[in-house]
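Notes follow the structure.
The values are calculated or read from the model by the stated rules, or taken from the named source; none is laboratory data. Nothing here was measured: the structure is a model prediction, and the numbers come from that model. We place every Cβ from the backbone using ideal geometry, glycine too, and count neighbours over all the protein chains shown.
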Amino acid sequence: MKKIFTVEAIQKSPICVNSGVIENDGVNMTIVKRNGIPYIPGSSLKGKVRYNFSRIVGDKGSHKEKAFCSCPVCLVFGGAGNNQSRIFFDDLVPDERSSGNVGIRYGVAIDRYTKTSNDKFLYTREVAEDFVFKGDISLYYDDKMCHSKKPGCFVYENELLLSIKMIEAIGGGNSSGFGFVELKVREKEVI
Ligand SMILES: [Zn+2]
């Protein structure tokens, strides 16, 4: 059985999830895109949720790096020893009702040591602006995740939802004001 949630990421500032690709027009940082349309990779979201979840629940001191690990973080997100993830993140794609666009931001990197700007470090950053990104997260239930016989019970559901809502920023440049989002989660269906 699985429970599916729909997540919406409402942009509060320009986002750049860096693709690592340098395009011909000389932009230093290009955003991840599919057919020219920006998206937020499910893996980026998963990393953030995992980090928040491990801060809230912790590993109860039982995390094992190499052997099969049954600490809460590895049970939910997967871990060593062929421990499969019980949570899956779709990519978040622009909601068709949102009127976002892709733009370019220019900036001057500040030298970490001298604290001065240096025009050798002028950068261009491709950004997504004013989108609402949307996608599904699926939670898979099995005996390990359910301590009661209640249908649809997932032991760490509340902590997971909190870990999602806690996300304030996605992508790079947060210290320069990039990437701020508000996340909304609602239950979609139980299959
Ligand atoms: Zn673990």
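Residue pairs whose Cβ atoms lie under 6 Å apart, sitting 6 or more positions apart in sequence or on different chains, and linking a residue in the range 40-64 that is within 21 Å of S138 (Cα to Cα) to a partner that is near the ligand (Cβ under 10 Å from one of its atoms), are R50/F77; S54/V73; V57/P72.
Here's the yes/no breakdown for (1) more than 23 Å from V21 (Cα to Cα); (2) modelled with pLDDT of 80 or more; (3) in contact with a Cys (Cβ under 8 Å, 6 or more places away or on another chain); (4) part of a strand (DSSP E or B):
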residue: V76; (1), (2), (3), (4): yes, yes, no, no
residue: F88; (1), (2), (3), (4): yes, yes, no, yes
residue: V102; (1), (2), (3), (4): no, yes, no, yes
residue: A109; (1), (2), (3), (4): no, no, no, yes
residue: R112; (1), (2), (3), (4): yes, no, no, no
residue: T124; (1), (2), (3), (4): no, yes, no, yes
residue: A128; (1), (2), (3), (4): no, yes, yes, yes
residue: K134; (1), (2), (3), (4): yes, yes, no, yes
residue: K150; (1), (2), (3), (4): yes, no, no, no
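Against the numbered list (1) under 18 Å from G173 (Cβ atoms); (2) within 15 Å of the ligand (Cβ to nearest atom), K64 comes up short only at (1).
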